[in-house]
Amino acid sequence: MRNPVHIFPALLLCLLPSITSAQEKGPADDLWDLYQQGRFEDVVVQGRVLLATDKETAQVNLAVGRSLVHLEKFEDAFAYLTKAAQMDPQKTWVYAWAEVYLGLTHWKLGDDERASQAFILGRDCAATKNATRNAETYLLRLGLSEFFVDWTHFETEHFSFRFSGRLNNFDRVAFARRYEGAYADIAQWFGGGPEEKIRFLLWSSQEEADEGGIGQLGFSKPEIFLVHARIQQTVGHEMTHVISYHALNPTVRNGLINEGIAVYMDQTNRDQMEKARSLREAGEAEAIMVSIPAMWEDWSLAPSEYSYPLAGAFVSMLIDKGGKDKFLEFFKDQSFGHAQVVYGSDLAGWIEGFEKKLYR
Ligand SMILES: [Zn+2]
């Protein structure tokens with residue numbers, strides 16, 4: 001079971017400055033202290049006491065509503081957040097955050113249209129920089145801003161696809177069938193998958209993504225079941241990030257292993273060792289001769305066009321040599337130290353053999 005505090009990690013961190021800048025002392029102050037400590041149950045209990053007396057303010061409603069969202073009690077949060085927004089006609093930071101959290105609530109309850117409306121209200125009141133930025137981020141990441149009006153939805157058993165309106169002559173059904181097929185294989189391999197559908201946004205090109213402001217494609221946010229990808233990307237890579245995260249809840253992740261498994265599972269069956277070697281031989285990665293333990297510690301040591309196939313080849317080797325069960329055990333803590341524990345004295349020899357093959 002995941003800790004609810006971590007569901008909206010970016011959001012939680014961004015909240016703090018706006019709270020500490022809250023003006024005069026009010027009945028909600030003690031609630032915010034508890035909130036910042038992540039004591040959401042206490043905020044709800046004490047907030048409800050205040051609301052039952054004559055201490056009702058917009059802030060108290062907001063503190064209770066937000067805490068309920070972090071506790072994933074979305075149905076319950078709705079009334080408090082709505083009240084918080086209504087009780088702040090000046091549309092200060094209280095209103096802005098109430099709308100952002102209403103957006104989250106609607107999204108988690110599956111109502112994209114109302115989520116979009118709430119995030120837009122939270123954004124457009126421009127009451128506080130953090131709330132505005134959070135609203136913008138969710139609108140963009142979830143594909144709910146004005147930019148996405150001509151995108152189409154397509155729901156399947158495990159995916160909620162959003163396709164760019166610029167994808168012409170595009171067979172959505174065949175596409176979805178391929179993705180569902182890959183999902184079945186990958187989830188079976190990991191022995192599980194996410195409890196929610198993967199929200200998969202498919203862009204026509206990197207240029208379109210630049211225009212939309214989403215940044216470099218593709219990427220996944222497993223904790224919120226989200227993927228953004230180019231249509232040309234491999235079928236399996238990004239979904240592997242989401243599936244493996246939910247199947248095994250890894251507590252320590254790093255590039256070599258986490259990207260390596262996504263490359264290994266990308267469903268292309270490419271020989272990644274061959275690819276990494278040919279990059280070196282073509283001179284593109286000539287200067288790169290980093291050791292595997294070094295890469296393990298610092299994934300940024302090599303350029304990505306080289307480090308990805310290398311990681312894929314390395315993970316493939318680990319699975320071949322040590323077997324799938326050991327790999328799944330190791331995957332939960334992907335550190336070098338944990339690999340040494342799981343694989344024992346074999347590991348050093350495997351790494352040496354791998355590097356020899358790669359750098360011969
Ligand atoms: Zn990846």
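Quick check, is residue 198 β-branched (Val, Ile, Thr) and touching a His at 6+ places or on another chain (Cβ under 8 Å)? Spell out the reasoning first.
Details: β-branched (Val, Ile, Thr): yes; touching a His at 6+ places or on another chain (Cβ under 8 Å): yes.
The answer is yes for residue 198.
Could you list all residues from segment 257-276 that are of a type in the set (A, V, I, L, M) and either within 12 Å of the ligand (Cβ to nearest atom) or within 17 Å of residue 191 (Cα to Cα) (or both)? Can you show your working first?
Within segment 257-276, the first condition is being of a type in the set (A, V, I, L, M), and the residues that meet it are 257, 261-263, 265, 273, 276.
Result: 257, 261, 262, 263, 265.
Pairs, please: C-beta under 6 Å, at least 6 apart or cross-chain, first residue in contact (Cβ under 8 Å) with a residue 24 or more places away in the chain and in segment 321-346, second buried (at least 17 other Cβ atoms within 10 Å of the Cβ) and among the polar types (S, T, N, Q)?
334/254
Contact list please: Cβ distance under 8 Å, first residue in segment 44-61 and more than 16 Å from residue 78 (Cα to Cα), second residue in a helix (DSSP H, G or I), pairs at least six apart or on different chains.
46/30; 46/31; 46/34; 50/31; 50/60; 56/50
Identify the residue in segment 47-75 that is of a type in the set (D, E, K, R) and within 32 Å of the chain's Cα centre (by Cα) and, among all such residues, is nearest to residue 93 (Cα to Cα).
Checking each candidate, the answer is 66.
Kindly evaluate residue 178 against the criterion of being closer than 20 Å to residue 152 by Cα, loosely packed, with under 15 Cβ neighbours inside 10 Å, basic (Lys, Arg) and more than 11 Å from the ligand (Cβ to nearest atom).
On the way: closer than 20 Å to residue 152 by Cα: yes; loosely packed, with under 15 Cβ neighbours inside 10 Å: yes; basic (Lys, Arg): yes; more than 11 Å from the ligand (Cβ to nearest atom): yes.
In short, yes.
Taking the options 235, 227, name whichever one is surrounded by 13 or more Cβ atoms within 10 Å (Cβ to Cβ), part of a loop (DSSP other than H, G, I, E, B), modelled with pLDDT of 95 or more and of a type in the set (A, V, I, L, M).
Working: 227 fails: part of a loop (DSSP other than H, G, I, E, B).
Just one listed residue meets the conditions, 235.
Of the residues 152, 156, which single one is at pLDDT 95 or above and of a type in the set (Val, Ile, Thr)?
156
Just to be sure before I move on: is residue 266 over 24 Å from residue 349 (Cα atoms) and surrounded by 22 or more Cβ atoms within 10 Å (Cβ to Cβ) in the structure I sent?
Numbers: over 24 Å from residue 349 (Cα atoms): yes; surrounded by 22 or more Cβ atoms within 10 Å (Cβ to Cβ): yes.
So residue 266 fits the description; yes.
For segment 218-237, which residues satisfy the criterion of being in contact with a helix residue (DSSP H, G or I) (Cβ under 7 Å, 6 or more places away or on another chain) and within 11 Å of the ligand (Cβ to nearest atom)?
Answer for segment 218-237, where residues must be in contact with a helix residue (DSSP H, G or I) (Cβ under 7 Å, 6 or more places away or on another chain) and within 11 Å of the ligand (Cβ to nearest atom): 218, 220, 222, 227, 229, 236, 237.
Residues checked against (1) in contact with a Phe, Trp or Tyr (Cβ under 7 Å, 6 or more places away or on another chain); (2) farther than 22 Å from residue 197 by Cα:
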| site | (1), (2) |
| --- | --- |
| 127 | yes, yes |
| 144 | yes, no |
| 151 | yes, no |
| 167 | no, yes |
| 172 | yes, no |
| 177 | no, no |
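Condition first: over 24 Å from residue 123 (Cα atoms) and within 16 Å of the ligand (Cβ to nearest atom). Can you find one or more residues in segment 204-213 that meet it?
Checked segment 204-213: at least one residue is over 24 Å from residue 123 (Cα atoms) and within 16 Å of the ligand (Cβ to nearest atom).
The values are calculated or read from the model by the stated rules, or taken from the named source; none is laboratory data. Please read these numbers as outputs of a predicted model, since none were measured by experiment. Glycine gets a Cβ as well: all are built from the backbone with ideal geometry, and neighbour counts include every protein chain shown.
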